[in-house]
1. Over the range 27-78, consider all pairs of different Cα atoms and compute the Kirkwood hydrodynamic radius from their mean reciprocal separation; express it in Å, one decimal.
2. Can you tell me the FRET efficiency between residue 25 and residue 67 if r is taken as the Cβ-Cβ distance and R0 is 30 Å, rounded to the nearest 0.05?
3. What does the net charge come to around residue 74 if you take all other residues with beta carbon closer than 10 Å to its beta carbon, with K and R at +1 and D and E at -1?
4. Run the paramagnetic zone check for residue 53: 7 angstrom along Cα to Cβ, then residues of the range 9-27 with backbone nitrogen under 15 Å.
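What follows is calculated from the coordinates using simple rules that are stated; it is not laboratory data. In this text the structure is predicted, and so the values were computed from the model without any measurement. In this analysis, Cβ positions are derived from the backbone assuming ideal geometry, glycine residues included, and neighbour counts consider all displayed protein chains.
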Amino acid sequence: MKVYLPGAKPKLQWRYYNSSGVLADPDTSFTIAIYDPMGVLVSASATETLTKVSTGIYKYVGYTIPATPLTGVYEAIATFTDNTSEVTRDGECVVRFKVRNTRRE
């Protein structure tokens, strides 16, 4: 699990697979929600802040760890929406990262 300090921008990446298990782009959109270790929403973002790396692979670097963060494991959840269903909290859709206040914590 990657560890970030205050002021850092976590580099988060997701893969979207279609119903056939092949990397694909969502038909409509997706969003990202980042939760702190207490489960509190600390950031929510819409599709326009994501960068397409290649077909079905997207990255996000729009969240900055605050100067005095709650330490522990954060969850970044991508919700992909297509024309038939919504897929969320499903394996590749959840990225976890750890936040520390110092390098030696």
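1. On the way: mean 1/r = 0.0824 Å⁻¹.
Answer for the range 27-78: a Kirkwood hydrodynamic radius of 12.1 Å.
2. On the way: r = 36 Å, r/R0 = 1.20.
Taking R0 as 30 Å, the efficiency between residue 25 and residue 67 is 0.25.
3. Values: positive: 96, 98; negative: 36, 75.
After counting each charged neighbour, the total is 0.
4. Zone members listed by number: 10-17, 23-25.
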